[in-house]
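K.L.:
Please find one structure pasted underneath; my questions will follow.
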Amino acid sequence: MKIIGLLGGMSWESTATYYRLINQQTRIRLGGHHSAELVLWSFDFSRIELLAAQREWDEACNLLMQPALKLQAAGAECIVICSNTMHVAATHLQQGLGIPVMHIAEATASAIQKANCKKPLLLATRSIIEQGFYEKRLQQIHGTTMILPDKGGQAVVHDIVYHELCRGQVNEESRRTLLQIVRKAQDQGADGVILACSELGNLVGQKDISVPVIDSTEEHVRGILDFALKRESEFEELI
């Protein structure tokens, strides 16, 4: 198995989800007592959150580079940014590293295509929507047109993620509020929902929504494991 390098702590709740899913999927795919081989760097989220709030994206990208290089030096064979928002740094990191950065939008785009969604709703923080990397990649890769919540809805999603989910708080009232945003988007023609924050899956999921739900973190993990276990798959094919 290739060694996975995790850039985490953005938030640590998100990183815990990545760690759990990566190891669960490794055990499912390989069986027995298998778990993932990985190295982890975990940030103090307050540093990242402050830079994001001030839109200091260049400084945030530079902040991620040194730990990414350390993970590479520690033997990592790919880099995983355990955060949707901080994929703003993906291109910057890829330019400075000799190993691939596994981009969450590419894995999500593939899942949207498989689900045959033409106009999915994007549930994301304000920063992700402003950066536009989901919209650009989905449009470039599959010609997908996304529906965004209105400004009020965007603010609500952003606040739920940063002020509740990133602090480990899961509130029933917030779940109902998110589902109201989803129903409004469905009335506007949304035929799918993208959970584009790693913590959102702790609040809503497919059981709550009638159209396909694409959890970006789950799709990211599938792509990561496809890459990390490629050698084993090729070996199995030979025998």
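The values are calculated or read from the model by the stated rules, or taken from the named source; none is laboratory data. Keep in mind it's a predicted model, so treat the numbers as computed, not measured. Glycine also receives a Cβ, built like all others from the backbone with ideal geometry; neighbour counts cover every protein chain displayed. Remember, those area values only see protein heavy atoms, side chains included, never the ligands or the DNA or RNA. Shrake-Rupley method; radii C 1.70, N 1.55, O 1.52, S 1.80 Å.
K.L.:
What pairs can you find where one residue is in segment 200-223 and of a type in the set (S, T, N, Q), the other is surrounded by fewer than 19 Cβ atoms within 10 Å (Cβ to Cβ), and their Cβ atoms are less than 7 Å apart, with a gap of 6+ or different chains?
P.N.:
Asn202/Val170
K.L.:
Under 8 Å between Cβ atoms, at least 6 apart or on separate chains: pull out the pairs that start in segment 35-60 with a residue that is part of a helix (DSSP H, G or I) and end on any residue that is of a type in the set (Phe, Trp, Tyr).
P.N.:
Phe45/Trp12; Glu49/Tyr162; Leu51/Trp57
K.L.:
Determine if segment 125-141 includes at least one residue that is outside any helix (DSSP H, G or I), free of Cβ contacts under 8 Å to residues at least 40 places away in the same chain and either surrounded by 22 or more Cβ atoms within 10 Å (Cβ to Cβ) or not β-branched (Val, Ile, Thr) (or both). Explain how you work it out, then say what you get.
P.N.:
Step one: list which residues in segment 125-141 are outside any helix (DSSP H, G or I), which gives 125, 132.
From the residues that got through so far, the ones that are free of Cβ contacts under 8 Å to residues at least 40 places away in the same chain too are 132.
Filter once more, keeping what is either surrounded by 22 or more Cβ atoms within 10 Å (Cβ to Cβ) or not β-branched (Val, Ile, Thr) (or both): 132.
Within segment 125-141, one or more residues are outside any helix (DSSP H, G or I), free of Cβ contacts under 8 Å to residues at least 40 places away in the same chain and either surrounded by 22 or more Cβ atoms within 10 Å (Cβ to Cβ) or not β-branched (Val, Ile, Thr) (or both).
K.L.:
Here's something else I'd like to know. Residue check: is Glu232 at pLDDT below 90, of a type in the set (Asp, Glu), open to solvent by less than 40 Å² (accessible area, probe 1.4 Å) and touching a helix residue (DSSP H, G or I) at 6+ places or on another chain (Cβ under 9 Å)?
P.N.:
On the way: at pLDDT below 90: yes; of a type in the set (Asp, Glu): yes; open to solvent by less than 40 Å² (accessible area, probe 1.4 Å): no; touching a helix residue (DSSP H, G or I) at 6+ places or on another chain (Cβ under 9 Å): yes.
No; evaluated as a whole, the condition is false for this residue.
K.L.:
Oh, and also: Conditions: (1) farther than 29 Å from Arg126 by Cα; (2) open to solvent by 70 Å² or more (accessible area, probe 1.4 Å); (3) touching a Leu at 6+ places or on another chain (Cβ under 8 Å); (4) not aromatic (Phe, Trp, Tyr). His34 meets all but one. Number of the miss?
P.N.:
(3)
K.L.:
Related question: Can you tell me how many residues within segment 37-84 are open to solvent by less than 20 Å² (accessible area, probe 1.4 Å), under 15 Å from Tyr18 (Cβ atoms), small (Gly, Ala, Ser) and touching a strand residue (DSSP E or B) at 6+ places or on another chain (Cβ under 7 Å)?
P.N.:
So the count comes out to 1.
K.L.:
Is at least one residue of segment 88-106 closer than 22 Å to Gly205 by Cβ, of a type outside the set (Asp, Glu) and crowded, with 22+ Cβ neighbours inside 10 Å?
P.N.:
Checked against the condition, which is being closer than 22 Å to Gly205 by Cβ, of a type outside the set (Asp, Glu) and crowded, with 22+ Cβ neighbours inside 10 Å, segment 88-106 yields at least one hit.
K.L.:
I would also like to ask the following. Could you pull out the residue among Gln113, Gln139 that is at pLDDT below 90, closer than 15 Å to Glu219 by Cβ, out of contact with any strand residue (DSSP E or B) (no Cβ under 9 Å at 6 or more places or on another chain) and of a type outside the set (D, E, K, R)?
P.N.:
Values: Gln139 fails: closer than 15 Å to Glu219 by Cβ.
Testing whether each residue is at pLDDT below 90, closer than 15 Å to Glu219 by Cβ, out of contact with any strand residue (DSSP E or B) (no Cβ under 9 Å at 6 or more places or on another chain) and of a type outside the set (D, E, K, R) leaves just Gln113.
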